[in-house]
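Asks: Mind having a look at this structure? Questions to follow.
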Amino acid sequence: MDQPDHRLREVSPEVLYSDGGFLAVDDSIVQLLKDKAAKSTRRRCRLCFHASSDDLQQEMLIVMHRSSYVRPHRHLRRSETLAIIEGNCETLLFDQDGQLTERFTMSAAAEGGRFFYKMPPGIFHTLIFRSEWLVFLETTIGPFDPTSSEAASWAPPETDPAAGHAYLAGLAPGNPGR
């Protein structure tokens with residue numbers, strides 16, 4: 001693909017939508033997302049394959065830079081799936097009080113590790129990005145409702161990524177909790 005697909009529309013510096021029709025992704029689209037993420041404040045960008053936030057099926061190709069911070073959060077009524085396409089990360093799971101309950105490394109399938117998860121509703125989780133870029137496919141059920149997720153009160157907000165990274169660094173292997 002020599003130029004951005006005309007069926008993509010930008011709704012914010014971090015979010016592109018397709019028209020909901022057929023769309024085959026190649027490296028040029030991944031590079032477009034990386035370029036946009038490199039310029040965004042939170043160093044991330046997503047391409048929504050669904051045409052609207054009201055669609056019942058929500059599929060997103062997401063890129064996140066190593067410097068991104070995702071506050072631990074949980075989805076109250078919906079599960080999500082995540083499949084790694086490029087890069088590697090650590091997935092952290094927490095109990096309701098913020099104690100780390102599980103930690104595992106994920107990478108693209110070709111690297112031989114865990115590359116997919118299904119996250120049931122109600123589990124606090126986050127990612128620590130270990131490669132320069134993480135490219136993954138995330139799916140969930142729509143319509144999108146920002147009130148159906150809860151940010152962890154015991155973790156720094158995304159508006160303070162330095163504090164977020166310090167918090168996550170404090171959860172290094174061997175350090176079981178907050």
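Asks: Could you state how much accessible area Ile141 has, in square angstrom rounded to the nearest 10, with a 1.4 Å probe and all protein chains kept in place?
Replies: 100 Å²
Asks: List the residues, sorted by chain then number, that are 5 or more residues from Glu14 or on another chain and whose placed amide H is less than 5 Å from its amide H.
Replies: none
Asks: Take the alpha carbon atoms of the chain, find their radius of gyration, then divide it by 2.2 N^0.38 Å using N residues; give the quotient. Mind dumping the intermediate values first?
Replies: On the way: Rg = 16.1 Å, N = 178, 2.2 N^0.38 = 15.8 Å.
Dividing the Cα radius of gyration by 2.2 N^0.38 Å gives 1.02.
Asks: Counting other Cβ atoms within 10 Å, keep those with at most 12, restrict to DSSP loop, and tell me which GluC sites (Glu not before Pro) in the stretch 72-161 are left.
Replies: Filter output for the stretch 72-161: Glu132.
Asks: What do you reckon, how do Ser52, Ser153, Ser40 stack up by accessible area (1.4 Å probe), largest on top?
Replies: Numbers: Ser52 40, Ser153 105, Ser40 10 Å².
Solvent-accessible surface, decreasing: Ser153, Ser52, Ser40.
Asks: Can you give the accessible area of Met119 in Å² (nearest 10), computed on protein heavy atoms with a 1.4 Å probe?
Replies: Number for this one is 10 Å².
Asks: Something else: On average, how much accessible surface per residue is there in the chain, in Å², for a 1.4 Å probe, leaving out ligands, DNA and RNA? Please report the intermediate quantities before stating the final value.
Replies: On the way: 9140 Å² over 178 residues.
Dividing the accessible area of the chain by its residue count gives 51 Å².
Asks: Can you list which of the chymotrypsin sites (Phe, Trp or Tyr not before Pro) found in the stretch 12-117 are DSSP loop residues with at most 12 other C-beta atoms within 10 Å? Write down the numbers at each step before the final one.
Replies: Details: sites: Tyr17, Phe22, Phe49, Tyr69, Phe94, Phe104, Phe115, Phe116, Tyr117; in loops: Phe22, Phe49, Tyr69, Phe115.
Answer in residue order: Phe22.
Asks: When the Karplus curve 6.51 cos²θ - 1.76 cosθ + 1.60 is applied with θ = phi - 60°, which whole-Hz ³J(HN,Hα) does each residue of the stretch 69-81 get, with x for Gly and Pro?
Replies: Ordered by residue, 3J(HN,Hα) equals 10, 10, 4, x, 8, 9, 9, 6, 10, 10, 8, 9, 10 Hz.
Asks: Further question on the same structure: Would you please state which residues of the stretch 137-151 a label at Arg77 would reach in this model, taking the label point 7 Å out along Cα→Cβ and a backbone N cut-off of under 18 Å?
Replies: 140-151
Asks: Also: Amide H to amide H, which residues 5 or more places from Ala108 or on other chains are under 5 Å from it, using H placed in the peptide plane?
Replies: Gly87
Asks: Would you work out if the stretch 1-63 is rounded, prolate or oblate? Take a ≥ b ≥ c from the square roots of the eigenvalues of the alpha-carbon gyration tensor; rounded if a/c is under 1.5, else prolate when a/b is larger than b/c, oblate otherwise. The partial results should precede the final answer.
Replies: On the way: a/c = 1.91, a/b = 1.22, b/c = 1.57.
Because a/c hits 1.5 or more and a/b fails to exceed b/c, the stretch 1-63 counts as oblate.
Asks: Separate question: Could you list the trypsin sites (Lys or Arg not before Pro) in the stretch 71-145 that lie in coil according to DSSP, counting only those with at most 14 other Cβ atoms within 10 Å of their Cβ? Show your work: numbers first, answer last.
Replies: Values: sites: Arg74, Arg77, Arg78, Arg103, Arg114, Lys118, Arg130; in loops: Arg77, Arg78, Arg130.
Here the trypsin sites (Lys or Arg not before Pro) that fit, given the DSSP loop and packing criteria, are Arg77, Arg130.
Asks: Same structure, new question: State the percentage of accessible surface on the stretch 9-85 attributable to carbon and sulfur atoms; use a 1.4 Å probe and exclude ligands, DNA and RNA.
Replies: 51 percent
Asks: Give me a comma-separated list of calculated 3J(HN,Hα) values for the stretch 146-158, in order, Karplus coefficients 6.51, -1.76, 1.60 applied at θ = phi - 60°, integers in Hz, x for any Gly or Pro.
Replies: Once θ is set to phi - 60°, the couplings for the stretch 146-158 become x, 7, 8, 10, 10, 6, 5, 5, 8, 10, x, x, 5 Hz.
Asks: Here's something else I'd like to know. I'd like the orientation of helix 27-39 relative to the chain: the angle between its Cα long axis and the longest Cα principal axis, in ° from 0 to 90, rounded to 10.
Replies: The answer is roughly 60 degrees.
Asks: Over the heavy atoms of Val63, what accessible area does a 1.4 Å probe trace out, to the nearest 10 Å²?
Replies: 0 Å²
Asks: Is the stretch 54-100 rounded, prolate or oblate when judged by the Cα gyration tensor, a ≥ b ≥ c being the square roots of its eigenvalues, rounded requiring a/c under 1.5 and prolate requiring a/b larger than b/c? Display every interim value, and only then the final one.
Replies: Details: a/c = 2.08, a/b = 1.08, b/c = 1.92.
Oblate, because a/c is 1.5 or more while a/b does not exceed b/c.
Asks: Check which residues have an amide H placed less than 5 Å from Arg43's amide H, if you skip close sequence neighbours.
Replies: Long-range HN contacts for Arg43: none found.
The values are calculated or read from the model by the stated rules, or taken from the named source; none is laboratory data. No experiment lies behind these values; they were computed from the predicted model shown. Cβ coordinates were reconstructed from backbone atoms using ideal geometry, including for glycine residues, and neighbour counts include every protein chain displayed. Accessible surface areas use protein heavy atoms only, side chains included; no ligands, DNA or RNA. Shrake-Rupley method; radii C 1.70, N 1.55, O 1.52, S 1.80 Å.
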